[in-house]
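> Encoded as structure tokens, here's the structure I'll be asking about.
The values are calculated or read from the model by the stated rules, or taken from the named source; none is laboratory data. Everything numeric here is computed off the predicted structure, so don't read it as measured data. Here the Cβ positions follow ideal geometry from the backbone for every residue, glycine too, while neighbour counts run over all protein chains shown.
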Amino acid sequence: MNPHESPPPAGQVPEPGPEHAPTRKDDPYEVTAPVYEDWVLKPPDPAPAPAPAPADAVVGPVVTPGRVTPEDFLPRPIGQGPAAVREPWADPVSPLGGPVEPAAAAPPAGTTAPTGSAPTGSAPTGSAPTGAGPVVRPPSFRTPGPLAHVGRKAPAYPAEPTDIPTVRGGDLHSVLLPDTVVDGGRFGPVTVRAASVRGDAHRYAAECRQDAALVVRAGGLLLVAVADGVGSQPHSHHGSNGIVRLLAKQVLPRADTLLDLLRTGAAADFADLTGRLVAAAAAELAQEAERFGHPPKTWSTTLRALLVPADPEVPIRGFVAVGDGGLLRLRAGGWENLDADGDGGGDGPGTLISTRTDCLPEAYERARTALVTDTRPGDVLVLCTDGLALPLVKEPELREFLGGRWGREVPGLAEFLWQAQVRVRSYDDDRSVVCLWEAPA
């Protein structure tokens, strides 16, 4: 009963609702059909026959509603079976970043077009009509799927996730971690792209991703971080995700102080403060492990982070790391190592990464810090775990592939994820990477 209506007098039966009586006593009109008759599905009325067209009318083509994509317009499949992927779209821009050149003019009358060219008066599939400028698709449409691989041999594992992780030993956190995380945005003079992807080996074994990536803003300061849980420890995924969160917890209330240190280039004070912040985060990580009933060593993880001011007049970036991984710079098509600690921890002259194996929460006192003071417009800083750093060192084709794309333009989120997970045989570890594109001059 409607709560706004007055109750019926004593002894009087309430008036039935519309589903019991199709009319009310006070209705001015009599309803002769059931109320819900129109809800019954009925066959549609036959459409009237079209009027015959005049004899002199011009009959046009029959247009079928909907979009039809011819098969020859789609990229050619790579491989066989349901796991096959398609080749990437043809790049509609030149390697220098400009639009492709317009199609060549038709050959003069009496000459023969080159073999394989389109007939005179026609355009290649997907190209602009005659007289129009070149069609340039948005970046997200240039790479519709994962690249098969780089290198001479294909990876041994499937290209996509197969089994889904299940709870093991009561560890619910492991199954709540997504296979892939992607993030990004703009902050002051930089554009950020970040991704953390479960490796082929963990996918095949139905195990969780042990890497973590973080992008967080603290006022006028940006904190980006990656962490790699040690594979030999059973709960390292707790450690990697926990350390980036706890580092952010320590940085947020001290963002103004860190920003001042970067603005003035105070390397010693920056190293002292960030060292204490890493130690505090590591202590909290050990306490969390103990609350879970785990030895802190089973949460072992590496860590590396960058602190970036939003002020374009402050080109200094602060770096802190514990353990292996990479801090690279892509400048003018060449890769540079910015994580040379000078104590023999690297692989030798010219290497791109450090191979130190210090881990948190134990090795907090061996945190390394540095200030990147020579940032230039157009630089790309690449912060990554060893899942990406190692193949960058060993596989020239991967360096060429990523350098040719990241050094040319800022990709969209989906395109960046596609690029970051390009597969290389024998490198099946989790992969986390954060890229910072400095604004061009």
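> Quick check, is A194 over 26 Å from P440 (Cα atoms), of a type in the set (A, V, I, L, M) and in contact (Cβ under 8 Å) with a residue 12 or more places away in the chain?
Numbers: over 26 Å from P440 (Cα atoms): no; of a type in the set (A, V, I, L, M): yes; in contact (Cβ under 8 Å) with a residue 12 or more places away in the chain: yes.
Against the criterion (over 26 Å from P440 (Cα atoms), of a type in the set (A, V, I, L, M) and in contact (Cβ under 8 Å) with a residue 12 or more places away in the chain), A194 does not qualify.
> Looking at A305, A267, which one is touching a strand residue (DSSP E or B) at 6+ places or on another chain (Cβ under 8 Å) and buried (at least 17 other Cβ atoms within 10 Å of the Cβ)? Don't jump to the end; show me each part of the working.
Details: A267 fails: buried (at least 17 other Cβ atoms within 10 Å of the Cβ).
The unique qualifying residue is A305.
> Identify all residues within region 340-366 that are touching a strand residue (DSSP E or B) at 6+ places or on another chain (Cβ under 8 Å), at pLDDT 85 or above and of a type in the set (D, E, K, R); write none if there are none.
Within region 340-366, D358, R366 meet the criteria.
> Here's something else I'd like to know. Can you tell which of A213, A195, A201, A227 is under 20 Å from H294 (Cα atoms) and outside any loop (DSSP other than H, G, I, E, B)? Don't jump to the end; show me each part of the working.
On the way: A213 fails: under 20 Å from H294 (Cα atoms); A195 fails: under 20 Å from H294 (Cα atoms); A201 fails: under 20 Å from H294 (Cα atoms).
So the residue among A213, A195, A201, A227 that is under 20 Å from H294 (Cα atoms) and outside any loop (DSSP other than H, G, I, E, B) is A227.
> Checking the structure you have, find out if any residue of region 297-306 is without any contact (Cβ under 8 Å) to a residue 60 or more places away in the chain and of a type in the set (S, T, N, Q).
No, region 297-306 has no match at all.
> Please determine, by comparing only the residues of region 356-374 that are in contact with a Leu (Cβ under 7 Å, 6 or more places away or on another chain) and more than 25 Å from E336 (Cα to Cα), which one is surrounded by the fewest Cβ atoms within 10 Å (Cβ to Cβ).
P361
> Going through region 410-437 one residue at a time, which ones are part of a loop (DSSP other than H, G, I, E, B), within 12 Å of S196 (Cα to Cα) and among the polar types (S, T, N, Q)?
Of region 410-437, the ones part of a loop (DSSP other than H, G, I, E, B) are 410-412, 421-423, 425-426, 428-430.
From the residues that got through so far, the ones that are within 12 Å of S196 (Cα to Cα) too are 421, 429-430.
Matches in region 410-437: Q421 only.
> Any residue that is over 30 Å from T257 (Cβ atoms), at pLDDT 95 or above and polar (S, T, N, Q) - is there at least one of those in region 180-195?
The answer is yes, given that some residue of region 180-195 is over 30 Å from T257 (Cβ atoms), at pLDDT 95 or above and polar (S, T, N, Q).
> Then there's this: Is it true that T264 is under 25 Å from L338 (Cα atoms) and β-branched (V, I, T)?
Values: under 25 Å from L338 (Cα atoms): yes; β-branched (V, I, T): yes.
Spelling it out, T264 is indeed under 25 Å from L338 (Cα atoms) and β-branched (V, I, T).
> Yes or no: region 277-292 includes at least one residue that is without any contact (Cβ under 8 Å) to a residue 60 or more places away in the chain and of a type in the set (K, R).
yes
> Somewhere in region 394-409, is a residue buried (at least 23 other Cβ atoms within 10 Å of the Cβ) and part of a helix (DSSP H, G or I)?
Let us first name the residues in region 394-409 that are buried (at least 23 other Cβ atoms within 10 Å of the Cβ), namely 402.
Those left that are additionally part of a helix (DSSP H, G or I): 402.
Checked region 394-409: at least one residue is buried (at least 23 other Cβ atoms within 10 Å of the Cβ) and part of a helix (DSSP H, G or I).
> So is T385 touching a Lys or Arg at 6+ places or on another chain (Cβ under 8 Å), closer than 21 Å to A225 by Cβ and not small (G, A, S) or not? Before you say what the answer is, go through the steps one by one.
Numbers: touching a Lys or Arg at 6+ places or on another chain (Cβ under 8 Å): yes; closer than 21 Å to A225 by Cβ: yes; not small (G, A, S): yes.
Against the criterion (touching a Lys or Arg at 6+ places or on another chain (Cβ under 8 Å), closer than 21 Å to A225 by Cβ and not small (G, A, S)), T385 qualifies.
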